[in-house]
Amino acid sequence: MPDVPRKLILAAPRGYCAGVDRAVVTVEKALEAYGAPVYVRKQIVHNRHVVEDLETRGAIFVEDLDEVPEGALVVFSAHGVSPEVTSEAKRRGLRTIDATCPLVTKVHHEARRFATEDTQIVLIGHAGHEEVEGTTGEAPDHITLVQRPEDVADLDLDPDRPVSWLSQTTLSVDETAETLKRLRALRPDLMNPPSDDICYATSNRQYAIKQIAAHCDLVIVVGSRNSSNTARLVDVALEAGAGAAHRVDDATEIDDSWLDGVATIGVTSGASVPEQLVKGVLALLESRGWPPAVEESLIEESLTFALPPQLRPRRSRSARTGA
């Protein structure tokens with residue numbers, strides 16, 4: 001059998017989204033402005049390398065606020081927090097900086113609005129995920145969690161009250177669409193949020209890997225185990241026709257046995273992954289005989305988010321007044 005030419009394809013967009021970039025820079029700027037230590041509730045983003053790097057600079061990551069000394073500075077992660085957490089921080093006299101992704105904040109606003117109207121809310125998401133916990137905390141008496149399309153059949157909704165849906169921002173686009181299809185069959189009067197809750201970056205990364213997966217014998221997705229959007233990229237690659245798909249935190253986790261008999265490899269990364277980790281994977285594959293990667297770009301992303309108010313540059317009085 002003749003040798004098949006090897007090919008290495010790099011999906012785009014990949015890696016950092018605007019919300020992740022804002023959250024990481026928030027911790028970096030907080031360390032510069034206030035000095036170490038800066039406490040961070042939960043992982044600022046779901047990536048082990050990012051967390052470890054920030055720890056070397058003086059960030060201290062905690063699971064609960066009771067681990068933070070009274071009066072200390074604490075940053076809330078990109079995944080958001082419930083009102084209960086905010087109230088606890090205020091009660092304990094903690095100084096806070098909120099690095100919640102604005103797209104998650106939008107979902108929180110929608111939950112509060114629907115609850116004010118006494119609407120039942122079906123939240124599509126993963127139990128135990130920080131984002132789901134934060135959103136649920138906005139309207140706990142109105143929200144019912146659905147994790148899979150199959151769960152819709154078990155819903156116990158009041159037929160005399162209106163019902164709406166919201167979702168975690170990092171879900172599979174296709175699986176969420178199937179869940180919504182079943183929800184609408186159950187409740188044709190289902191109300192939509194003003195805009196899709198799955199964030200632009202999650203959707204774009206899934207569409208980008210779909211574009212190349214069917215042509216790949218192997219897809220390598222760079223990202224940490226606890227990253228929901230990274231896990232979904234593995235699922236999407238397999239559903240789109242990839243011969244195999246594996247998640248790695250970095251190049252050291254690539255198993256050489258995965259490369260046996262493989263000609264075409266696709267590479268992508270989750271929305272909380274620094275680009276240098278992707279470059280490390282490409283370098284290893286090139287050292288194993290694959291040619292330099294060819295990037296296939298689906299769409300250019302240009303969205304950026306402003307930093308939290310405490311970290312924005314202060315304008316002079318004359319600039320504010322136009323004097």
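The values are calculated or read from the model by the stated rules, or taken from the named source; none is laboratory data. As the structure is a prediction and not an experimental result, all values here were calculated from the model. For neighbour counting, all protein chains shown are included, and Cβ atoms are generated from backbone atoms with ideal geometry for every residue, glycine included. For the accessible areas, the whole protein counts, side chains as well, though only heavy atoms, and no ligand, DNA or RNA atoms are used. Shrake-Rupley method; radii C 1.70, N 1.55, O 1.52, S 1.80 Å.
General remarks:
- Cα convex hull of the range 18-101 - mean projected area over all directions, nm²: 4.8
- All C-alpha pair distances within the range 167-233, sorted into 10 Å bins from zero, spread as 18, 43, 27, 10, 1 percent across the bins.
- Debye intensity ratio I(q)/I(0), log10, the range 69-220, q values 0.16 Å⁻¹ (C-alpha model): -0.90
- Entry comment: accessible area of the range 103-186 is 45 Å² per residue, from protein heavy atoms only and a probe of 1.4 Å.
- In the range 1-151, inverting the average of 1/r over every pair of distinct C-alpha atoms gives 17.3 Å as the Kirkwood radius.
- If only the Cβ of Lys and Arg carry +1 and only the Cβ of Asp and Glu carry -1, the dipole of the range 18-101 around its Cα centre is close to 220 debye.
- Percent RCO, i.e. relative contact order, over the range 18-101, from Cα pairs under 8 Å lying at least 6 residues apart: 33
- At R0 = 51 Å, FRET efficiency that the Cβ-Cβ distance of E67 and A185 yields, to 0.05: 0.65
- Calculated diffusion of the range 218-323, Stokes-Einstein form, Kirkwood radius summed over Cα pairs, 25 °C and 0.890 mPa s, µm²/s: 150
- Modelled label reach - A244, point 7 Å along Cα→Cβ, the range 193-216 residues with backbone N closer than 20 Å: 210, 212-216
- When peptides 94-101, 115-122 are ranked by their average number of other Cβ atoms within 10 Å per residue, the highest-first order is 94-101, 115-122.
- The range 225-273: Cα Rg divided by the 2.2 N^0.38 Å rule of thumb: 1.15
- Computed lengthening from D196 to R148, 0.36 nm per intervening residue step minus Cα-Cα distance: 15.5 nm
- Test item: Cα-centred dipole of the chain, Lys/Arg +1 and Asp/Glu -1 on Cβ, debye: 1420
- Distance from the range 138-183 to the range 34-106 (C-alpha centre basis), Å: 29
- Each Lys or Arg adds one and each Asp or Glu subtracts one; over the other residues with Cβ under 11 Å from the Cβ of A271, this totals +1.
- Taking a Cβ cut-off of under 13 Å around Y200, the surrounding Lys, Arg, Asp and Glu residues balance to a net charge of -2, with basic ones at +1 and acidic ones at -1.
- Summing Lys and Arg as +1 and Asp and Glu as -1 over all other residues whose Cβ lies under 13 Å from the Cβ of Q211 gives a net charge of +1.
- Mean Cα-pair separation over length for the range 103-186, i.e. relative contact order, pairs under 8 Å, 6 or more apart, %: 38
- Segments 210-219, 136-145 sorted - mean Cβ within 10 Å per residue, highest first: 210-219, 136-145
- Carbon-plus-sulfur accessible fraction, the chain (probe radius 1.4 Å, protein heavy atoms only): 49%.
- Debye intensity ratio in log₁₀ form over the Cα atoms of the chain, taken at each q of 0.10, 0.12, 0.15 Å⁻¹: -0.65, -0.89, -1.21
- With the highest mean first, a sort of the peptides 248-259, 66-77 on other beta-carbon atoms found within 10 angstrom per residue produces 66-77, 248-259.
- Whole-number percent relative contact order across the range 180-289, with pairs defined as alpha carbons under 8 Å at least 6 apart: 29
- Size descriptor, Kirkwood hydrodynamic radius, that averages inverse alpha-carbon separations across the range 103-186, Å: 12.8
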